[in-house]
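Before any comments, here is the structure.
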Amino acid sequence: MTEIRSGAVTEGRVPRRSFLKMAGLVGSAGIFARTSLALAAEMVRMPFENGARRMAAFPQKRRLIVLRTRPALLETPFAVFNDGVFTRNDAFYVRWHLAEVPSSVSVERFRLRVHGHVRTPMELALSELVRDFERVDIAAVNQCSGNSRGFFSPRVPGGQWGNGAMGNALWTGVRLKDLLDKAGVRPGAVSVRFKGLDRGLVPATPDYMKSLSVDHAMDGEVMVAYGMNNQALPMLNGFPLRLVVPGWYATYWLKALNDIEVLDKPDESFWMKRAYLIPDTPGAEMKPGQADVKMVPISRMVPRSFITNVADGTEVRAGRSISVKGIAFGGDTGLTKVLFSPDGGTTWREVRLERDYGKYSLRRFEMDFMPNQPGAYTLMVRAVNQSGLEQPFKPNWNPGGFMRNVVERVRVRAV
Ligand SMILES: Nc1nc2c(c(=O)[nH]1)N[C@H]1C(S)=C(S)[C@@H](COP(=O)(O)O)O[C@H]1N2
Ligand SMILES: [Mo]
């Protein structure tokens with residue numbers, strides 16, 4: 001297994017006990033008491049209209065791009081993705097819907113309920129969860145459905161993210177299947193619904209709940225995670241437990257998870273029925289104002305790739321080769337290849353893909369680029385996944401601002 005320390009990957013394995021110890025340290029601290037946003041203001045500008053943003057450090061987080069403070073909507077500065085294949089916990093983006101977010105959790109008193117259409121309802125302490133169920137690890141990208149929404153044209157409402165509402169981590173925890181098997185799912189079960197410790201300001205606010213079909217929940221990959229990059233989860237990323245749904249958008253990755261309910265019918269609640277709907281079309285594409293479109297819940301991710309070490313507008317030397325580095329992921333399956341174009345899409349070559357951490361992980365790549373002549377160059381990268389899905393050249397549009405995965409372009413000038 002791999003262990004990640006400040007960007008470096010070394011061999012090793014954190015014993016399960018250590019997660020509990022780390023959890024104990026973090027969980028009892030009540031970290032938000034020390035919240036301070038009074039750090040010197042630093043501004044950044046996202047490359048779209050109304051893109052001016054403040055940077056601020058929240059508890060357990062380095063300075064991140066602030067979209068909103070309560071509840072926290074924090075974006076990872078894109079340069080972080082050049083640091084390594086795993087996104088450091090303190091740089092990992094943050095998204096909550098409801099205003100009352102847990103600020104401390106008692107590790108002793110916390111219980112995970114498994115109930116509903118099961119033979120034996122359970123209430124598990126963290127120590128039992130860690131001790132009594134097999135530990136599994138999976139590297140997987142967590143990406144908000146609305147990542148890159150700020151680039152939508154025409155603009156759509158919602159968090160105006162750049163490309164930093166995503167991150168890659170090594171998640172450690174137990175299989176959801178093992179929990180459900182222990183509780184004993186009864187015949188006739190249809191879906192499994194997840195709920196966390198967060199609440200709205202007024203009681204009428206619907207709880208943030210999401211569900212998966214019972215087959216998906218039992219696939220052996222969906223995980224209840226207590227570890228993130230070999231540490232306890234940061235409070236803002238869902239301490240002490242979160243759902244990990246490899247290959248699916250993060251809206252399903254329930255944070256501060258304390259309630260798992262097996263239902264004998266589909267989940268008709270607000271966050272499944274009314275929110276996170278996409279047009280049931282290839283690439284979730286539709287026309288602004290189009291009315292006759294069937295909407296369905298968002299689900300699987302699609303391939304994406306980004307250059308991480310050359311910013312748009314960079315000047316390079318003509319006649320000198322540079323190493324272009326980047327990241328890519330396949331979405332709900334692995335990558336077959338990533339293609340690079342140095343000339344705005346006229347010619348394409350395969351990049352060198354680096355170490356593979358599994359089909360749901362980010363993967364780093366590298367490519368030599370040699371601008372022979374002075375002038376303008378448009379660099380492009382295009383990921384192809386194992387289902388044969390390729391990134392489109394035309395951006396998609398839908399009213400939620402979901403599932404953007406257009407081929408990215410970086411303009412450089414050779415002098
Ligand atoms: N309990 C709870 N879990 C949640 C949410 C939430 O509002 N409440 N938001 C979801 C959404 S929409 C996203 S994008 C991810 C963000 O995960 P992160 O904050 O760890 O990056 O959490 C998901 N899990
Ligand atoms: Mo999200």
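Taking residue 200 as the residue in question, decide whether it is within 13 Å of ligand 1 (Cβ to nearest atom), touching a helix residue (DSSP H, G or I) at 6+ places or on another chain (Cβ under 7 Å) and over 22 Å from residue 133 (Cβ atoms).
no
List every residue pair whose Cβ atoms lie under 9 Å apart, where the two residues are 6 or more positions apart in sequence or sit on different chains, the first residue falls within the range 327-341 and is over 14 Å from residue 139 (Cα atoms) and free of Cβ contacts under 8 Å to residues at least 60 places away in the same chain, and the second residue, located anywhere, is among the small types (Gly, Ala, Ser) and open to solvent by 20 Å² or more (accessible area, probe 1.4 Å).
Note: pairs meeting the criteria are 336/388.
Across the range 286-305, which residue is nearest to the chain's Cα centre (by Cα) among those that are of a type in the set (A, V, I, L, M, F, W, C) and outside any loop (DSSP other than H, G, I, E, B)?
296
Looking only at the range 165-189, count how many residues are closer than 18 Å to residue 119 by Cβ and either assigned to a loop (DSSP other than H, G, I, E, B) or open to solvent by 10 Å² or more (accessible area, probe 1.4 Å) (or both).
Looking only at that region, the number is 10.
Tally the residues that are touching a helix residue (DSSP H, G or I) at 6+ places or on another chain (Cβ under 6 Å) and aliphatic (A, V, I, L, M), restricting the search to the range 83-104.
2
Report yes if residue 372 is within 24 Å of the chain's Cα centre (by Cα) and surrounded by fewer than 17 Cβ atoms within 10 Å (Cβ to Cβ), otherwise no.
no
Does the range 190-205 hold any residues that are closer than 20 Å to residue 251 by Cβ and assigned to a loop (DSSP other than H, G, I, E, B), and which are they?
190, 197, 198, 200, 205
Could you tell me which numbered condition residue 71 fails, if it satisfies all but one of (1) at pLDDT 95 or above; (2) open to solvent by less than 30 Å² (accessible area, probe 1.4 Å)?
Evaluating residue 71 over (1) at pLDDT 95 or above; (2) open to solvent by less than 30 Å² (accessible area, probe 1.4 Å) leaves (1) as the failure.
The values are calculated or read from the model by the stated rules, or taken from the named source; none is laboratory data. Because the structure is a prediction, the values reported are computed rather than measured. Using ideal geometry, Cβ is built from the backbone for each residue, glycine included, and neighbour counts are taken over all protein chains shown. For accessibility, only protein heavy atoms count, side chains too; no ligands or nucleic acids. Shrake-Rupley method; radii C 1.70, N 1.55, O 1.52, S 1.80 Å.
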